[in-house]
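Inspection log for the structure reproduced underneath, given as structure tokens.
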Amino acid sequence: MRKWAIPSALVLLCLLSLLSDHGRKVQANAEEGGVDPPKVEEKISAVPHGLQTDSDVVKRESESISSRSLRNNAEKFEFQAEVSRLMDIIINSLYSNKDIFLRELISNASDALDKIRFLSLTDKEVLGEGDTSKLDIQIKLDKEKKILSLRDRGIGMTKEDLIKNLGTIAKSGTSAFVEKMQSSGDLNLIGQFGVGFYSVYLVADYVEVISKHNDDKQYVWESKADGAFAISEDTWNEPLGRGTEIRLHLRDEAQEYLEESKLKELVKKYSEFINFPIYIWASKEVDVEVPADEDEPSDEEETSDSSSSEEGEDEDAEKSEDDDAEKKSKTKKVKETTYEWELLNDVKAIWLRSPKEVTDEEYTKFYHSLAKDFSDEKPLAWSHFTAEGDVEFKAVLFVPPKAPQDLYESYYNTNKANLKLYVRRVFISEEFDELLPKYLSFLKGLVDSDTLPLNVSREMLQAHSSLKTIKKKLIRKALDMIRKIAEEDPDESSGKDEKEVETSGDDDEKKGQYTKFWNEFGKSIKLGIIEDATNRNRLAKLLRFESTKSDGKLTSLDQYISRMKSGQKDIFYITGTSKEQLEKSPFLERLKKKNYEVIFFTDPVDEYLMQYLMDYEGKQFQNVSKEGLKIGKEKNKELKESFKELTKWWKNALASDNVDEVKISNRLDNTPCVVVTSKYGWSANMERIMQSQTLSDSSKQAYMRGKRILEINPRHPIIKELRERVAKDSEDEGVKQTAQLIYQTALMESGFNLPEPKDFASRIYSSVKSSLNISPDATIEDDDDVEETETESETKDSAVKDEL
């Protein structure tokens, strides 16, 4: 047995040697032929070998890239003026943070993927087959050619879309962004204006956009940002199947964006919460076994030979041992660089996680991604909740730190919803204004419903019965979120015990937050009171204003009620143009003297607000500039009787001025008289607001204008003297003129516009003459020089006529 063992081992070694030589030849041929690793083909496109090109394609493409000039056969276009201005600002910007370009490209790619996924709900064929149906974003680098590519399998663009969206027809946001840039210089806001694509020119001097739409051929858009761009049918690149690939030919000073680590960092920072997978073609080193050189001696080989000669009892065992030993002796491990697609955003959607698991930092990052607001400011508040029952949905709502500039422009004529609607994790729309009322349109966030149907049209979705339930719950949660801002603000704790104030005062970050909210979005709360009768009382609790006792700070209705005097039944307020003006108003004299608090309403919308907010917590609102003001118990019967003759005479004297009544006032202290309006008519402030309207109708204003009532102060010496004069001679013309002048003065001091300013001025001048003892019949001297000049001119004119 042993004598056959050695020859058998030698034969086996010879066979293995032949196999090893054949393997090395195959490996060498593969290396010479440049065979690509199989992984390169993964996740490229529906077309096999999606991003691979033949030698002719590489040659043509390299020639185009090296020249950095627009292709000769391409159709040339000029950028629209606004777009050129925008690009000039970006290219010449000294703004240091150029990283935002990647954020904007990924955001645009995500929007394109959202659109194709939405279309696929009703037509699955639009997604195509194979890799084309996979909705993802791919980033690839070419360090040798200095190209950064970003690819999506979204809806793609037709030739017309490329012209419209990237050049000749500027969106409304272009002009708005240019104006914003010129005023603030903050390029970071570019994404909020819908022109984020142009941020690519922060890092690139030549850009290609290759796009394929299901309804058109594949086209290439290219531009060097020199005022022109070109579009041509793409016959040299590999077919995309569907979607868009953007190639950035990076500037020399932007080479840092060719580093994988830099791009991974940016995706993590800006695009962590994008709802589609983002892949990067990443390199990594792996240990690979390769054949060892034949000339190298191997200790293992000698050991295996000796062991095989000594142990030949079991032929089968001996053969397997020799096989293992031979493999070990002929291979070695080396480091090799390989490439594969690496997923960068594997974070689970925030709204699908439990609120307890999500940190404040994650909420802030998610808000910045959702709102495209990458400032350093955190949202003022957020609410993350799950609704269960007949209608199930998850939602995240945010209160932005600042109001958009155009928040109240064309408020009733535009739909500006800022909530994204998802149905079973599928994005449906971000222009779905049925989820929140207009007055809450400043909120940002998203709603993901499991109840709403997927495969229906938008019109059918808008009419779905579940939307009303979702809207109702969202409004309640939104108002609770805003109320919580006030509850957690130490500045709002003036009515609480000192112990509570000390505890809540530790959190300096929340101090003054509600005041900040009110300054930004207070008008929205007022509009909500006007529009939303169901939640009017909830919204009234969120109202803030200044008053005669607030010491320049904002106060609430609850705090006002807590300070009301014993026996006070009404909440007193006054409307006007400014707090400074209202503080000096004669309507407040008696109220301030008796220590009553009066609310100042200085916003024009407050006049409309108080037409809807009639009462609060059982207390009626009373405008102190209108009739019906009650201050304690009235004891005016004797006074009324003593001034009866004067009030009757004065009313007749003012008949032409439409004064409905003259009566004794209970609101005056130092002022002789004021003019008040009827309870349900316009106040002086409202009249002024309506008269300033561009399309106001004076005939309708006359109908809405309230009755005017002259209230006189019976304790004032002027009124007492006037009563005496009227008693002596009620037909005295001088007394009538004086009474008219007093009324016009009171009318102006009460906030009304004088119907005849010239008449008022004449009365003032007459009064001045009287005080200076100037005769009423005194005349103005004639100007002789003027007459002489006119005479000379007439003489010259007649002489010229004679000559002619």
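The values are calculated or read from the model by the stated rules, or taken from the named source; none is laboratory data. Quick caveat: nothing in here was measured; it's all calculated off a predicted structure. Neighbour counts are summed over all protein chains in view; Cβ atoms, including those assigned to glycine, are modelled from backbone coordinates with ideal geometry. Ligands, DNA and RNA are stripped out before the accessible areas are found, and what is left, the full protein with its side chains, is counted by its heavy atoms. Shrake-Rupley method; radii C 1.70, N 1.55, O 1.52, S 1.80 Å.
Quick check: anything in region 409-425 in contact (Cβ under 8 Å) with a residue 60 or more places away in the chain, outside the structural domain of ARG103 (by the TED database) and among the aliphatic types (A, V, I, L, M)? No, there is no match, as no residue in region 409-425 is in contact (Cβ under 8 Å) with a residue 60 or more places away in the chain, outside the structural domain of ARG103 (by the TED database) and among the aliphatic types (A, V, I, L, M).
The residues on offer are LYS365, LYS420, and the sole one that is among the charged types (D, E, K, R), open to solvent by less than 50 Å² (accessible area, probe 1.4 Å) and outside any loop (DSSP other than H, G, I, E, B) is LYS420.
Across region 217-242, what is the number of residues that are of a type in the set (S, T, N, Q) and under 15 Å from SER149 (Cβ atoms)? Looking only at that region, the number is 1. Consider region 526-549 and keep the residues that are of a type in the set (Ser, Thr, Tyr) and under 27 Å from LYS584 (Cα atoms). The one that is farthest from the chain's Cα centre (by Cα) is THR548. The set of residues in region 122-155 being of a type in the set (A, V, I, L, M) and within 24 Å of GLU260 (Cα to Cα) consists of LEU135, ILE137, ILE139, LEU141, ILE147, LEU148, LEU150. Considered as a group, the residues in region 606-643 that are modelled with pLDDT of 90 or more and basic (Lys, Arg) include one that is most open to solvent (accessible area, probe 1.4 Å), and that residue is LYS619. Among the residues of region 368-388, those identified as among the small types (Gly, Ala, Ser) and either surrounded by 19 or more Cβ atoms within 10 Å (Cβ to Cβ) or touching a strand residue (DSSP E or B) at 6+ places or on another chain (Cβ under 7 Å) (or both) are SER369, ALA371, ALA381, SER383, ALA387.
Checking region 724-747 against the condition returns no match, with no residue being aromatic (Phe, Trp, Tyr), at pLDDT 85 or above, within 48 Å of the chain's Cα centre (by Cα) and closer than 26 Å to GLU607 by Cβ. Residues that are touching a His at 6+ places or on another chain (Cβ under 7 Å) and not in a strand (DSSP E or B) within region 368-401 comprise just one, PHE374. Give region 449-473 a look and list any residue that's surrounded by 15 or more Cβ atoms within 10 Å (Cβ to Cβ), modelled with pLDDT of 90 or more and either touching a helix residue (DSSP H, G or I) at 6+ places or on another chain (Cβ under 8 Å) or of a type in the set (D, E, K, R) (or both), or say none. Scanning region 449-473 gives LYS471, LYS473. When we screen ILE116, ILE106, ILE163, ILE137 for residues that are modelled with pLDDT of 85 or more and open to solvent by 10 Å² or more (accessible area, probe 1.4 Å), the only hit is ILE163.
Looking only at residues of region 225-257 that are at pLDDT below 85 and part of a loop (DSSP other than H, G, I, E, B), we find that the one that is nearest to LEU113 (Cα to Cα) is ALA225. Annotation: of all residues in region 113-126 being in a helix (DSSP H, G or I), of a type outside the set (Lys, Arg) and in contact (Cβ under 8 Å) with a residue 40 or more places away in the chain, the one that is nearest to VAL423 (Cα to Cα) is PHE118.
Listed by position, the helices (runs of 4 or more DSSP H) enclosed by region 576-641 that each have at least 2 residues that are in contact with a helix residue (DSSP H, G or I) (Cβ under 7 Å, 6 or more places away or on another chain) are 605-612.
For region 119-132, taking the residues that are at pLDDT 85 or above and farther than 17 Å from SER211 by Cβ, the one that is least open to solvent (accessible area, probe 1.4 Å) is identified as SER120.
Which of the residues that make up region 646-671 are closer than 9 Å to ASN713 by Cβ and open to solvent by 30 Å² or more (accessible area, probe 1.4 Å)? If the condition is that a residue be closer than 9 Å to ASN713 by Cβ and open to solvent by 30 Å² or more (accessible area, probe 1.4 Å), then ASP669, ASN670 are the ones that fit. Inspection of region 424-432 identifies at least one residue that is open to solvent by 20 Å² or more (accessible area, probe 1.4 Å), among the charged types (D, E, K, R) and under 15 Å from the mean Cα position of the chain (by Cα). Scanning region 724-745 for residues that are over 12 Å from ARG763 (Cβ atoms) and surrounded by fewer than 20 Cβ atoms within 10 Å (Cβ to Cβ) returns GLU724, ARG725, ALA727, LYS728, ASP729, SER730, GLU731, ASP732, GLU733, VAL735.
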